[in-house]
1. hydroxyl-bearing (Ser, Thr, Tyr) and within 27 Å of residue 172 (Cα to Cα), is that true of residue 340?
2. Is there any pair with a first residue in segment 251-278 that is part of a strand (DSSP E or B) and a second that is of a type in the set (Phe, Trp, Tyr) whose Cβ atoms are under 6 Å apart and which are 6 or more apart or on different chains, and what are they?
3. State the number of residues belonging to segment 362-375 that are surrounded by 20 or more Cβ atoms within 10 Å (Cβ to Cβ) and modelled with pLDDT under 95.
4. Could you check segment 377-399 and list, in sequence order, the residues that are among the polar types (S, T, N, Q) and either surrounded by 21 or more Cβ atoms within 10 Å (Cβ to Cβ) or touching a strand residue (DSSP E or B) at 6+ places or on another chain (Cβ under 8 Å) (or both)?
5. Does residue 143 count as over 12 Å from residue 133 (Cβ atoms) and modelled with pLDDT under 90?
6. Failed condition for residue 418, given (1) in contact with an Asp or Glu (Cβ under 8 Å, 6 or more places away or on another chain); (2) farther than 21 Å from residue 353 by Cα; (3) surrounded by 21 or more Cβ atoms within 10 Å (Cβ to Cβ), with all others met?
7. Can you find even one residue in segment 12-19 that is out of contact with any strand residue (DSSP E or B) (no Cβ under 6 Å at 6 or more places or on another chain) and in a strand (DSSP E or B)?
8. How many residues does segment 5-33 hold that are closer than 13 Å to residue 164 by Cβ, of a type in the set (A, V, I, L, M) and exposed (fewer than 15 other Cβ atoms within 10 Å of the Cβ)?
Amino acid sequence: MSEQAPLISLNKLTIRRSNRTVVSDLTFQLNSGECWAVIGPTGSGKTTFIQTLAGQFPAPPGALTRRAQTEFVSFKEESSRFSYSGYFYQQRYQATMSDERTDAGYTSTPSLRDFLQFTESPESTALLERLGLLPLLGRSFIKLSNGQTRKARIGKALMRHPSVLLLDNPFVGLDINFRAELTSWLGELINHGLTLVLITESDEIPPFSTHVAVLGKGKLRWAGPKEAYEPEYQKEAELIVPPVLQTQSQQIDFTEAFRLQNIIVCYGDTIILNDVNWVILAGERWALFGQNGAGKSVLLSLLYGDHPQAYANHVSVFGYRRGKSGESIWDVKRRIGFVSPELHLYFPQHLSVRQVALSGLADTLTPPNRVSSEAETDLASLLAYFDLTDTENRSFGTLSAGEQRLVLLVRAFLKNSPVLLLDEPFQAIDSRRVELARQLIDSFTGKTILFVTHNQNELPQSIDQIFMLIDNTRKLVD
């Protein structure tokens, strides 16, 4: 009996994007029933590799063969149903965006139901119930949390019954409970015949993986059965002294950075935050934890000035009540360095890395007209610190998700503001550069920092206070 043909095969395939070779000389076979964990440092070509398996790039004859229905789930899905380019970042928080259905049967923006193209059946209903998405079908897609959005993308792919599922960092942005559940669930699906390729970290290879592929600098460095994989010895990273920013730190002229008093945020009849009370003093460093959908990003949007319901609540920033003191949104933003998964999703892809980083000086999505010599020096130092110097003139959209997140971190740090709001800042970044970022954050003396993560191991050492946003009560507890 002849052997079964591979579902996908690559033969000495090279992919170029924007006149750059991203991956080269790829030879690879994916067979039925296999589960590949794809690992490698940030920018090594992992996402391009699985996009190639998905058939998203043109290939010369004989270089790519695909014999199976394949679904690809990425960090940022763009489609005819929904495109982030059709919206602006703050729009996801606007009170005018109702979650109610109109006479035509649609929300003012595509709902989760629309995004999924959901047709009710016992199977699809059970799938969404397991994902925790069933109660959210009527909600606007852009109002979902980062974790809920990732669940929706995975659910949408599974509803199409693919033979091969390709997942780009599926566990990023998911709370610890759903990470465990997704691991168990994917293991079940593999046992029922699903063939899987997923990008993950080298220390988080799932137990159900059968094979490992290691990428480095756009090349497939090693590929084979998991039991034959031997992690490379990681010598202790050389201590790199964090750069000292030349841009003068803004004056700390407040004793309270933020005060939230009896906060309530609702979308229609849905309560997102209920009776939240929290005071963050100048110089304090907090971690904020909570399950997907608990309201963490909405809470940060109140502090940062993006959410219009801040004006209907008692939100004080730098000692001034929002909407009562005459202080504008730009007065708030100029003293805060900010990064979040949502900002990442909506950021213009055509800008250069330099333009994206410098836009933080203007607190907009476009760079300022004039840049000080100190800011120029700091930009060069920060890019060099994160090994991004060679990307400065590349367009943001050609970078990997991890490289993009590093650039947005540089953007947040560049103006040397007295407050940092860092919402899951290390998503898709390799462990070496996470350690560099943690070291840099710890070097910032005197700053007030709020750090959101699902992984306590990511916390910089200087974060010494923790609040948990409890999903069932929507309250912050010590």
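The values are calculated or read from the model by the stated rules, or taken from the named source; none is laboratory data. Fair warning: this is a prediction, and the values are worked out from it, not measured in the lab. Here the Cβ positions follow ideal geometry from the backbone for every residue, glycine too, while neighbour counts run over all protein chains shown.
1. yes
2. Once the first residue is part of a strand (DSSP E or B) and sits in segment 251-278, its partners that are of a type in the set (Phe, Trp, Tyr) give 260/278.
3. The initial filter retains those residues of segment 362-375 that are surrounded by 20 or more Cβ atoms within 10 Å (Cβ to Cβ), namely 363, 375.
When the remaining residues are screened for being modelled with pLDDT under 95, the result is 363.
Final tally of qualifying residues: 1.
4. Keep residues of segment 377-399 that are among the polar types (S, T, N, Q), which gives 377, 381, 389, 391, 393, 395, 398.
Passing the criteria: 391, 393, 395, 398.
5. yes
6. (1)
7. Step one: of segment 12-19, the residues out of contact with any strand residue (DSSP E or B) (no Cβ under 6 Å at 6 or more places or on another chain) are 16-19.
Of the ones still in play, those that are also in a strand (DSSP E or B) are 16-17.
Yes, segment 12-19 has at least one match.
8. Residues that pass the stated criteria total 0.
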